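Chemist: I have a structure I would like to understand better, so I am pasting it below and will then ask my questions one at a time.
The values are calculated or read from the model by the stated rules, or taken from the named source; none is laboratory data. The structure presented is a predicted model; accordingly, all values stated were derived computationally and were not measured. Note: ideal-geometry Cβ built from the backbone for every residue, glycine included; neighbour counts use all protein chains shown. These area figures cover heavy atoms from the full protein model, side chains too; ligands, DNA and RNA do not enter into them. Shrake-Rupley method; radii C 1.70, N 1.55, O 1.52, S 1.80 Å.
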Amino acid sequence: MPQNTAPKATEMLSATPQGLARAADLLRAGELVSFPTETVYGLGADARQGAAVAAIYAAKGRPSFNPLIAHVASIEAAKRHVIWSDQAELLARAFWPGPLTLVLPLAPDHGISDLVTAGLDTLAVRVPAHPCAQKLLAAFDGPVAAPSANPSGRISPTTAAHVRAGLDGRIAAILDDGACDVGVESTIIGLATNGLAVLLRPGGLAAEEIEAVLGQPLASRDIKDPLTAPGQLLSHYAPQARVRLNATSARAGECYLGFGRYSGARACDLTLSATGDLAEAAANLFGHLHRLDALNQPIAIAPIPETGLGLAINDRLRRAAAPRD
């Protein structure tokens with residue numbers, strides 16, 4: 001059982017056979033381990049152990065009505081926990097392993113803790129592509145519930161240093177294997193309604209690519225609908241500082257996060273991509289927000305096109321700028 005009654009030293013593990021074995025042993029013991037995926041660093045726990053999953057919510061300060069993603073090693077492993085469909089087969093064969101999460105009805109005898117699903121009758125499941133995540137899941141040989149490894153609502157982590165800054169002393173270990181490549185969380189597609197594929201959260205896989213494989217457009221989620229997947233809270237991914245969007249320049253006292261032809265010239269300014277490359281911008285997004293947030297100044301952010309990965313970037317930015325409780 002996890003011991004979360006007092007602060008503990010967080011182990012820093014390398015992505016060696018010894019580090020991976022230690023991380024898998026900690027997961028089996030009900031402890032929390034952060035590990036890299038191609039999108040962001042996740043905060044993992046055995047998805048079958050209710051006490052371990054509860055420790056995720058406690059460490060992050062995450063609302064328990066917000067469901068988690070179960071990470072598994074393969075399509076075959078996913079089928080143990082959800083009711084599969086033809087659409088799921090199409091998308092999984094095209095994009096797994098990769099930055100795509102599918103929400104499907106829970107299978108009978110699924111074995112997943114109710115805390116993972118937040119009491120829903122569906123499960124969000126993904127096969128990550130990062131070699132370190134793949135090796136950890138193979139060594140653990142079970143489903144790992146893993147939201148992003150940051151305090152709830154704050155900027156997602158794309159390096160082990162980001163994880164340590166937010167969760168040091170709250171979790172058992174951090175498995176360090178460098179920076180994440182994609183930089184924004186996975187795209188989430190709901191397949192719980194027969195024949196209807198719904199974009200529940202834009203992410204690291206462009207919606208256009210998914211629609212091309214399905215041969216039909218994705219339906220959209222109403223922002224007022226109940227939460228059915230991670231990343232749907234109105235205020236999320238937020239820096240401590242206030243955020244102003246679609247800014248073509250910085251105001252007095254602001255730092256500027258530029259894109260393409262919009263960029264700042266002062267020491268505190270950063271640019272997501274000077275060439276307007278959306279993949280580069282997605283990879284830089286959370287890291288640049290972490291750096292600017294450390295300056296304790298309001299952040300103005302340049303306009304980002306609402307196409308391709310720009311949908312995911314703008315989704316994260318709107319939630320970062322949303323009014324907070």
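Chemist: I'd like to check something: does the stretch 97-105 contain any residue that is open to solvent by less than 10 Å² (accessible area, probe 1.4 Å) and assigned to a loop (DSSP other than H, G, I, E, B)?
Modeler: Yes.
Chemist: What are the pairs with Cβ atoms under 8 angstrom where one residue, in the stretch 159-173, is farther than 18 Å from ARG291 by Cα and in a strand (DSSP E or B) and the other, located anywhere, is open to solvent by 20 Å² or more (accessible area, probe 1.4 Å) and among the basic types (Lys, Arg)? Sequence gap at least six, or different chains.
Modeler: Between residues of the stretch 159-173 that are farther than 18 Å from ARG291 by Cα and in a strand (DSSP E or B) and residues that are open to solvent by 20 Å² or more (accessible area, probe 1.4 Å) and among the basic types (Lys, Arg), the close pairs are ALA173/ARG22.
Chemist: Ok, one more. Among all residue pairs at least 6 apart or on different chains, which show Cβ distances below 8 Å where the first residue, located in the stretch 265-282, is open to solvent by 30 Å² or more (accessible area, probe 1.4 Å) and the second is of a type in the set (Val, Ile, Thr)?
Modeler: Hits for this filter: LEU278/ILE304; LEU278/THR307; LEU278/ILE313.
Condition check ((1) of a type in the set (A, V, I, L, M, F, W, C); (2) crowded, with 22+ Cβ neighbours inside 10 Å) across all residues:
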| site | (1), (2) |
| --- | --- |
| ALA139 | yes, no |
| SER148 | no, yes |
| PRO151 | no, no |
| ALA172 | yes, yes |
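Chemist: Which number in (1) at pLDDT below 90; (2) under 19 Å from GLY153 (Cβ atoms); (3) buried (at least 21 other Cβ atoms within 10 Å of the Cβ) marks the one condition that ILE299 misses?
Modeler: ILE299 satisfies all of (1) at pLDDT below 90; (2) under 19 Å from GLY153 (Cβ atoms); (3) buried (at least 21 other Cβ atoms within 10 Å of the Cβ) except (1).
One line per residue, one yes/no per condition, for (1) hydroxyl-bearing (Ser, Thr, Tyr); (2) modelled with pLDDT of 95 or more; (3) on the phi < 0 side of the Ramachandran plot:
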{"residue": "PHE95", "(1), (2), (3)": "no, yes, yes"}
{"residue": "PRO108", "(1), (2), (3)": "no, no, yes"}
{"residue": "THR117", "(1), (2), (3)": "yes, no, yes"}
{"residue": "GLY153", "(1), (2), (3)": "no, no, no"}
{"residue": "ALA173", "(1), (2), (3)": "no, yes, yes"}
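Chemist: Could you pull out the residue among GLN134, GLN87 that is under 20 Å from VAL198 (Cα atoms) and either of a type outside the set (Gly, Ala, Ser) or not in a helix (DSSP H, G or I) (or both)? Let's see the steps before the verdict.
Modeler: Working: GLN134 fails: under 20 Å from VAL198 (Cα atoms).
Exactly one of GLN134, GLN87 is under 20 Å from VAL198 (Cα atoms) and either of a type outside the set (Gly, Ala, Ser) or not in a helix (DSSP H, G or I) (or both), namely GLN87.
Chemist: Among the numbered criteria (1) open to solvent by less than 30 Å² (accessible area, probe 1.4 Å); (2) within 22 Å of PRO151 (Cβ to Cβ); (3) assigned to a helix (DSSP H, G or I), which single criterion is violated by ALA51?
Modeler: Condition (1) is where ALA51 drops out.
Chemist: Quick test of your reading of the structure: ASP114 fulfils all but one of (1) within 21 Å of the chain's Cα centre (by Cα); (2) open to solvent by less than 40 Å² (accessible area, probe 1.4 Å); (3) more than 23 Å from GLY204 (Cβ to Cβ). Name the failing condition by number.
Modeler: Here ASP114 clears every test but (2).
Chemist: For GLY276, only one of the following conditions fails: (1) on the phi > 0 side of the Ramachandran plot; (2) in a helix (DSSP H, G or I). What is its number?
Modeler: Unmet for GLY276, out of (1) on the phi > 0 side of the Ramachandran plot; (2) in a helix (DSSP H, G or I): (2).
Chemist: Out of GLU11, GLU31, which single residue is acidic (Asp, Glu), out of contact with any His (no Cβ under 7 Å at 6 or more places or on another chain), open to solvent by less than 50 Å² (accessible area, probe 1.4 Å) and at pLDDT 90 or above?
Modeler: Among GLU11, GLU31, only GLU31 is acidic (Asp, Glu), out of contact with any His (no Cβ under 7 Å at 6 or more places or on another chain), open to solvent by less than 50 Å² (accessible area, probe 1.4 Å) and at pLDDT 90 or above.
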